[in-house]
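The values are calculated or read from the model by the stated rules, or taken from the named source; none is laboratory data. These figures come from a predicted structure and were not determined experimentally. Please note: Cβ atoms are built from the backbone with ideal geometry, for glycine as well, and neighbour counts cover all protein chains shown. Surface accessibility is based on the protein's heavy atoms, side chains included, excluding ligands, DNA and RNA. Shrake-Rupley method; radii C 1.70, N 1.55, O 1.52, S 1.80 Å.
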Amino acid sequence: MINPQLAKPLYEQIKLYLLTRIEQGEYLPDTRLPSERDLAEQFGVSRLTVKKAISDLLQSGQVYVQIGKGTYVSRAKIDQSLDSLTSFSEDIGKRQQRPGSRVLEAREIQASVEEARHLRVAPGALLYLLRRVRLADDKPMAIESCRIVAALCPGLLSEHDYERESLYQVLRGEYGIRLAYAEQSIEARLAGTDEAALLQMEARAPILDISRVTYTDTNQPVEYTLSAYCGARYKFQAILRRV
């Protein structure tokens, strides 16, 4: 338990207590921690002290919040290598988890100036917009908004269920589009209110903002995607070699 006589602050002792029980398997991934009120009563401290301990665990990604339900133990972060072009479904499947999606939007749009620049089409050209929450074992991991050049894949949205099907597999299998490489940038920022609700996390929690343009083996841009990944559940890994 905690000891008020120690130099270590009480909130840090509570944090260590919870971490120890997580590591020992007493609190398994996706199980709910005791409430702030219960922990405050258990340790004889204020809820503010407990809140600080929980906040530190949230920042380190050890726990996550489901709004209106409580605080839960996080699973190990999903690693994605930056040296190969893979789909979200492929990344999740490799880790023995079940990929899935919840479609938020699937419609035709006209290319904005920025979208046209990335996809090398004229402003106003027809694009498909596919916006989804990407899931791993039914847990939201990312919000993904894809813009695809409609002229390359007519009927892409009308004939497929993208809550169950992989976009990359459809492009390859039905349209013969061979995706070869991508240009990608990653930035860190804080989640907005709507993003936090979709990802079942606290507002202003850290997310990874990712922009990607994917090309065919003939250097034709096909897909321009903007994604927001939950920083507590996802990390990117790269091998760097000295030139």
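PRO154 meets the conditions (1) closer than 22 Å to ARG107 by Cβ; (2) open to solvent by 60 Å² or more (accessible area, probe 1.4 Å); (3) in contact (Cβ under 8 Å) with a residue 12 or more places away in the chain in every case but one. The failed one is (3). When you look at ALA196, is it closer than 30 Å to ASP30 by Cβ, at pLDDT below 90 and out of contact with any Gly (no Cβ under 6 Å at 6 or more places or on another chain), yes or no? Yes. Contact map, the stretch 1-19: residues that are more than 11 Å from PHE43 (Cα to Cα) paired with residues that are open to solvent by 30 Å² or more (accessible area, probe 1.4 Å), Cβ distance under 7 Å, separation 6+ or inter-chain. Pairs shown: LYS15/ASP56; LEU19/GLN62. Taking the numbered list (1) within 23 Å of THR71 (Cβ to Cβ); (2) touching a helix residue (DSSP H, G or I) at 6+ places or on another chain (Cβ under 9 Å) in turn, SER166 passes all entries but (1).
Of the residues making up the stretch 165-172, not a single one is farther than 19 Å from ALA106 by Cα, in contact (Cβ under 8 Å) with a residue 60 or more places away in the chain and surrounded by 13 or more Cβ atoms within 10 Å (Cβ to Cβ).
There is at least one residue in the stretch 37-47 that is in contact (Cβ under 8 Å) with a residue 24 or more places away in the chain and either closer than 25 Å to LYS139 by Cβ or in contact with a strand residue (DSSP E or B) (Cβ under 7 Å, 6 or more places away or on another chain) (or both).
Which one of these is assigned to a strand (DSSP E or B) and either modelled with pLDDT under 90 or under 14 Å from the mean Cα position of the chain (by Cα) (or both): ALA188, ALA232, ALA203? Every option except ALA188 fails the conditions.
Quick one: is SER227 under 30 Å from GLN59 (Cα atoms) and open to solvent by 50 Å² or more (accessible area, probe 1.4 Å)? No; evaluated as a whole, the condition is false for this residue. The set of residues in the stretch 111-121 that are of a type outside the set (Asp, Glu) and open to solvent by less than 60 Å² (accessible area, probe 1.4 Å) comprises ALA111, SER112, ALA116, HIS118, LEU119, VAL121. Criterion applied to TYR175, TYR162, TYR215 was being within 16 Å of LEU104 (Cβ to Cβ) and open to solvent by less than 70 Å² (accessible area, probe 1.4 Å), and the one residue passing it is TYR162.
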